[in-house]
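The values are calculated or read from the model by the stated rules, or taken from the named source; none is laboratory data. These figures come from a predicted structure and were not determined experimentally. Every residue, glycine as well, gets a Cβ built from its backbone with ideal geometry; the counts of neighbours run over all protein chains shown.
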Amino acid sequence: MKYKRVVAVKIGGPQVLQIQDFELREPSRDEFRIKIQAVPVCLPDVQARYGLSPYPPRIPFTPGYAVIGVIDAVGDGERRSTFRAGDRVAALTVIGGYSEYIFLKKNQLIPVPSGIDAADAAVLILNYMVAYQVLHRSARVTSGSSLLIIGASGGIGTALLQLGKLAGLKMYGLASKSKHAILEEYGAAPIDYHTQDFVEVLRQLEPGGIDVVADGMGGDYYNRGLSVLGKGGVLVEYGNPLGFSHLLRLLGKTLTTNLRFNGKTVKLYGTSFSVFNRRPFLEDWEILFSLLAAGKIKPVIEHRYAILDAPEANARLESGRVTGNLVLLSPEIL
Ligand SMILES: NC(=O)c1ccc[n+]([C@@H]2O[C@H](COP(=O)([O-])OP(=O)(O)OC[C@H]3O[C@@H](n4cnc5c(N)ncnc54)[C@H](OP(=O)(O)O)[C@@H]3O)[C@@H](O)[C@H]2O)c1
């Protein structure tokens, strides 16, 4: 039997994504075969396809940073595992998700509670995790803290808006004018970065400075974000560095900033930290699933596509017109 994957056959735009057939093999001893139900489409997928990543995947590769699916076959060495055929699981795969099936190891699997919508779960596993940890692990926000979100209308941005509202934060967000309604819906004051200088705006509105800046865009937002922080303020940089030299420069700049001891701190955030310590991630996914089940958060999903329509979904994300998230779904779920 064959299955299909969406493969980036060279570096470039969405047109380099091609659908290819692969033999559906049995899982090896320590593997689980997962039938994929949902995959978020996110900016790191696009960045990886353009080769803009500290460790770009080798071409050809299948993009797809996270998956939700059902275990449909278990390797011989995992027959006594807590995960069994039929279980619903998730994983942060970084690549490989744009596919009908994926093969994963036990230490990659995350249990998914039953009854949760697959598309919501896919957004939660990646974008809400980043947003939650930026706020509660990196910045350690408290009710009443002020927050500036750079990139507030996107996948992680809208998760920051919802979680920020839930945490009782006073929020400002940078977004294109056409997307301001979503910021206002969650109580954030929108700033149109195309026509307004946010540093000037915030100097007027928050003369004592902002407590937390969450920056997913990088570049000169690093220095400008630092400049609007008040004493004791934290800038959390969660945007992926766009190359290895970019990563080194970011590390150097962060070390220098933090050694100035001027009352402002920069923290770097990446889901890759889960490789070193998975426990906080498992704890936070559990919290996020409970918030979702209780109706306290609800991912903003602009459009749902079939998994094999990933090229179209990527083109839409790259157009810059998306508010919130795009999700790929298997035909049974769509
Ligand atoms: N650290 C990690 O582990 C991790 C994981 C996932 C993602 N990321 C990073 O997080 C960032 C956001 O990812 P995402 O998937 O949420 O992206 P997304 O959904 O595409 O959202 C990006 C948002 O940025 C806004 N934007 C674009 N150019 C801008 C600019 N010059 N100034 C201010 N805002 C701008 C866009 O909206 P407007 O039209 O309103 O400007 C868009 O809503 C990316 O850099 C990605 O690499 C990091």
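With the structure loaded, tell me whether G218 is part of a strand (DSSP E or B), touching an Asp or Glu at 6+ places or on another chain (Cβ under 9 Å) and free of Cβ contacts under 8 Å to residues at least 60 places away in the same chain or whether it fails that test. Give the derivation first.
Numbers: part of a strand (DSSP E or B): no; touching an Asp or Glu at 6+ places or on another chain (Cβ under 9 Å): yes; free of Cβ contacts under 8 Å to residues at least 60 places away in the same chain: yes.
Taking the combined requirement at face value, the residue does not satisfy it.
Take the conditions of a type in the set (A, V, I, L, M, F, W, C) and not in a helix (DSSP H, G or I) and apply them to L251. Does it pass? Outline the logic, then answer.
On the way: of a type in the set (A, V, I, L, M, F, W, C): yes; not in a helix (DSSP H, G or I): no.
Considered against the rule, which asks whether it is of a type in the set (A, V, I, L, M, F, W, C) and not in a helix (DSSP H, G or I), L251 comes out as no.
Quick grid of which residues meet (1) at negative phi; (2) without any contact (Cβ under 8 Å) to a residue 12 or more places away in the chain; (3) crowded, with 18+ Cβ neighbours inside 10 Å:
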| site | (1), (2), (3) |
| --- | --- |
| V199 | yes, no, no |
| Q204 | yes, yes, no |
| G232 | no, no, no |
| G239 | yes, no, yes |
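State the number of residues belonging to segment 158-187 that are closer than 24 Å to G320 by Cα and either modelled with pLDDT under 95 or more than 12 Å from the ligand (Cβ to nearest atom) (or both). Steps first, answer last, please.
Applying the first criterion (closer than 24 Å to G320 by Cα) to segment 158-187 yields 158-164, 171-187.
Checking which are either modelled with pLDDT under 95 or more than 12 Å from the ligand (Cβ to nearest atom) (or both) leaves us with 162-164, 171-172, 184-187.
Residues in segment 158-187 being closer than 24 Å to G320 by Cα and either modelled with pLDDT under 95 or more than 12 Å from the ligand (Cβ to nearest atom) (or both): 9 in total.
Got a number for residues in segment 206-223 being surrounded by fewer than 15 Cβ atoms within 10 Å (Cβ to Cβ) and more than 28 Å from G243 (Cα to Cα)?
From segment 206-223, those surrounded by fewer than 15 Cβ atoms within 10 Å (Cβ to Cβ) are 207-208, 219-220, 223; that's our starting set.
Restricting the remaining residues to those that are more than 28 Å from G243 (Cα to Cα) gives 207-208.
Summing the residues that are surrounded by fewer than 15 Cβ atoms within 10 Å (Cβ to Cβ) and more than 28 Å from G243 (Cα to Cα) in segment 206-223 gives 2.
Quick one: in segment 226-248, of everything that is polar (S, T, N, Q) and in a helix (DSSP H, G or I), which residue is farthest from P44 (Cα to Cα)? Working first, answer last.
Taking segment 226-248 and keeping what is polar (S, T, N, Q), we get 227, 240, 245.
Retained after the next criterion (residues that are in a helix (DSSP H, G or I)): 227, 245.
Details: S227: 27, S245: 17 Å.
Filtering first and then ranking leaves S227.
Identify the single condition in (1) within 12 Å of the ligand (Cβ to nearest atom); (2) buried (at least 21 other Cβ atoms within 10 Å of the Cβ) that E302 does not satisfy, given that it satisfies every other one.
(2)
Identify the residue in segment 267-284 that is outside any loop (DSSP other than H, G, I, E, B) and more than 14 Å from the ligand (Cβ to nearest atom) and, among all such residues, is nearest to A90 (Cα to Cα). Talk me through it step by step, then tell me what you get.
Filtering segment 267-284 down to residues outside any loop (DSSP other than H, G, I, E, B) leaves 267-268, 271-275, 279-284.
Still in the list and also more than 14 Å from the ligand (Cβ to nearest atom): 279, 282-283.
Values: R279: 15, L282: 11, E283: 14 Å.
Here the answer is L282.
Quick one: count up the residues across segment 34-81 that are under 22 Å from K4 (Cα atoms), within 14 Å of the ligand (Cβ to nearest atom) and among the small types (G, A, S).
3
Does segment 193-203 contain any residue that is closer than 27 Å to M129 by Cβ and either hydrophobic (A, V, I, L, M, F, W, C) or outside any strand (DSSP E or B) (or both)? Outline the logic, then answer.
Initially, segment 193-203 is screened for residues closer than 27 Å to M129 by Cβ, giving 193, 198.
The next check asks that each one be either hydrophobic (A, V, I, L, M, F, W, C) or outside any strand (DSSP E or B) (or both); those that pass are 193, 198.
Taking every residue of segment 193-203 in turn, at least one turns out to be closer than 27 Å to M129 by Cβ and either hydrophobic (A, V, I, L, M, F, W, C) or outside any strand (DSSP E or B) (or both).
Among the residues that make up segment 276-294, is at least one of them in contact with a strand residue (DSSP E or B) (Cβ under 7 Å, 6 or more places away or on another chain) and either closer than 24 Å to G225 by Cβ or among the β-branched types (V, I, T) (or both)?
No - not one qualifying residue is present in segment 276-294.
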